[in-house]
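J.: Quick one: the structure is below, and I'll ask about it shortly.
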């Protein structure tokens, strides 16, 4: 067996927030943004509570693992930090009715989660070899941090929930005609296409979809931490909270009343319960 390279770097003590809190009411925002925040807090309170718990459990696990500062942990923690930021930022966008900006963040979070799983599976040597190449570049008188291109596509294909989300948000992120229309003109019908330019109005269907993605990815990130108990310290309390969250998140995502997406053959999607207001008649949309 080839000897593992020994990187020169060591993971320094890391900083992290003490607590994650849901976005507060934005001061001085437009009436549409204020209404989106109010309705999100009121109609999706249960989802938001689950999301806040999942985010704070992540912080507790990271805080408890401060002493395990290895280069392998750096590989996972750096990607985890990106996931946490993407999820927190996407939550802020949902609260402000900016659903159009959520899919790209969710897509990138999926990539970072899959990369962690790949590292834990068989790609850690690749990271260790990369870490050993960080150096001072004399030619440019600069710190050289090689790009280290890395993707984990096969992992996304193996995980059904993660793969389902990734395929959908990828299609929503790209400039496809149908996904663009659904994002900027969700009230489109056979007679008209009412484009709402830079719209921040509350939309229940989009809010339920986006928060569903965040719940699923938050739990997926926690699963990675629990799968690697050599790097991360998992207390009995954290494990019990993780298991409880898993049951509650599954129940929330399987609620037949929420907006959901069914993936069909031919890379098509059928949206169920797609509606702007809670009292409106639910409709189906085929992309």
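J.: Quick one: angle between helix 204-227 and the longest Cα principal axis of the chain, in degrees between 0 and 90, rounded to 10, please.
T.: 20
J.: Expressed as an acute angle from 0 to 90° and rounded to the nearest 10, what is the orientation of the C-alpha long axis of helix 45-64 relative to the principal long axis of the chain?
T.: So the helix axis and the longest Cα principal axis differ by about 10 degrees.
J.: Gain in length, residue 255 to residue 56, computed as 0.36 nm per residue apart minus the alpha-carbon separation, to one decimal in nm?
T.: This chain segment gains 69.2 nm when fully extended.
J.: Then there's this: When the convex hull of the C-alpha atoms of the chain is computed, what volume per residue in Å³ does it have?
T.: Spread over its residues, the Cα hull of the chain gives 177 Å³ apiece.
J.: So how much slack lies between residue 14 and residue 38, counting 0.36 nm per residue of separation and subtracting their Cα-Cα distance, in nm?
T.: 5.1 nm
J.: What angle do you read, to the nearest 10 degrees and between 0 and 90, between the alpha-carbon axis of helix 31-43 and the longest principal axis of the chain?
T.: 80
J.: Rounded to the nearest 0.05, what FRET efficiency do residue 126 and residue 181 have when you use their Cβ-Cβ distance and R0 = 35 Å?
T.: Working from the Cβ atoms, E equals 0.30.
J.: Please report the spacing between the Cα centers of segment 88-118 and segment 39-80 in Å, no decimals.
T.: After rounding, the separation between the Cα centres reads 14 Å.
J.: Would you give the gap between the C-alpha center of segment 221-275 and the C-alpha center of segment 152-168, rounded to a whole Å?
T.: 13
J.: Compute the label zone of residue 192 within segment 262-287: residues whose backbone N is under 20 Å from the point 7 Å along Cα-to-Cβ.
T.: 275-277, 280-281, 283
J.: Just to be sure I understand: with springs between alpha-carbon atoms less than 10 Å apart, which residue in 145, 165, 113 has the highest mean-square fluctuation in the Gaussian network model of the chain?
T.: In this elastic network of the chain, the residue with the biggest mean-square fluctuation among 145, 165, 113 is 145.
J.: Sticking with the crude label model, points 7 Å out along Cα→Cβ, report the distance from residue 174 to residue 78 in nm, one decimal please.
T.: 2.9
J.: Among 200, 189, 56, determine the one that fluctuates most according to a GNM of the chain built with springs between C-alpha atoms less than 10 Å apart.
T.: Result: 189 has the largest fluctuation of those listed.
J.: Report the residue, chosen from 241, 265, 126, that carries the largest GNM mean-square fluctuation when the chain is represented by alpha-carbon nodes joined by springs under 10 Å.
T.: 265
Values quoted throughout were computed directly from the atomic coordinates according to the rules given, and no laboratory measurement underlies them. Just so you know, these numbers come straight off a predicted model, no measurement behind them. Cβ sites come from the backbone with ideal geometry, for glycine too, and all protein chains shown count toward neighbours.
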